[in-house]
Amino acid sequence: MAKLSAVVLLLISRLVAAAAIQTVTWATRLESAKETTTNLQFYFHDTLSGKNPSAVRIAQAIDTDKSPTLFGIVMMADDPLTETPDPQSKLVGRAQGLYGSACQDQLSLIMSMSFVFVDGPYNRSSISLLGNNRAMNPVREMPIVGGTGFFRLARGYAIAQTHRMDFKTGDAIVRYNVTVVH
């Protein structure tokens, strides 16, 4: 009787295991390779003025123009990323996405940007930034929440420091130091 119970128990456990395997046929487990940490430095050129601005206003609240922080404004950007603060220096990528003023008492931007690289080993790869940018602080930290290509499954952080700001036009050059784990 004990042998029969053991055999029945073994058969039932194998059937349960087989059923569990059958229910997960749509997923494949991948063993993760060793992670890599990449440090990047580039300059973000946000140009609001002139004949060919790289960022444009796409929406605003009724009272945005009355707000000292432009609360409610939403901008769409396709900003060049270069090796140095000189706008004529080598283009390494483009910052493409949205940012908007999200605070009523200080200039604080919510940013959703893809840094799309166009040169070197990172060509056609991107990293995604999504976070709060307190633009008037000398140093800001924002999260990197993903990436594509070379940076697939990226996570990390970006440190932004304003290199130059023209308060009359709104044009800015910002240095980004980015640490990405992928």
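The values are calculated or read from the model by the stated rules, or taken from the named source; none is laboratory data. All values reported here derive from a predicted model rather than from experimental measurement. Here the Cβ positions follow ideal geometry from the backbone for every residue, glycine too, while neighbour counts run over all protein chains shown. With ligands, DNA and RNA removed, areas are computed over all heavy atoms of the protein, side chains included. Shrake-Rupley method; radii C 1.70, N 1.55, O 1.52, S 1.80 Å.
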Q: Please list, ordered by first then second residue, the pairs with beta carbon atoms under 9 Å, 6 or more apart or interchain, first in segment 89-107 and under 25 Å from SER125 (Cα atoms) and aliphatic (A, V, I, L, M), second open to solvent by less than 70 Å² (accessible area, probe 1.4 Å) and not in a strand (DSSP E or B).
A: LEU91/VAL118; LEU91/ASP119; VAL92/VAL118; VAL92/ASP119; VAL92/GLY120; VAL92/TYR122; ALA95/SER54
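Scan segment 85-93 and give yes if some residue there is open to solvent by less than 20 Å² (accessible area, probe 1.4 Å) and under 17 Å from the mean Cα position of the chain (by Cα), otherwise no.
Applying the first criterion (open to solvent by less than 20 Å² (accessible area, probe 1.4 Å)) to segment 85-93 yields 93.
Narrowing the set further to residues that are under 17 Å from the mean Cα position of the chain (by Cα) leaves 93.
Yes - at least one qualifying residue is present in segment 85-93.
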Q. Of all residues in segment 64-83, how many are touching a Phe, Trp or Tyr at 6+ places or on another chain (Cβ under 7 Å), surrounded by fewer than 18 Cβ atoms within 10 Å (Cβ to Cβ) and not in a loop (DSSP other than H, G, I, E, B)?
A. 1
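Under 20 Å from MET142 (Cα atoms) and either loosely packed, with under 14 Cβ neighbours inside 10 Å or small (Gly, Ala, Ser) (or both): does that describe ALA61?
On the way: under 20 Å from MET142 (Cα atoms): no; either loosely packed, with under 14 Cβ neighbours inside 10 Å or small (Gly, Ala, Ser) (or both): yes.
No; evaluated as a whole, the condition is false for this residue.
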Q: Report, by residue number, each residue of segment 127-182 that is out of contact with any strand residue (DSSP E or B) (no Cβ under 9 Å at 6 or more places or on another chain) and either among the β-branched types (Val, Ile, Thr) or part of a strand (DSSP E or B) (or both).
A: THR169
Q. Looking at segment 108-144, which of its residues are open to solvent by 70 Å² or more (accessible area, probe 1.4 Å) and under 23 Å from LEU91 (Cα atoms)?
A. PRO121, ASN123, ARG124, LEU130
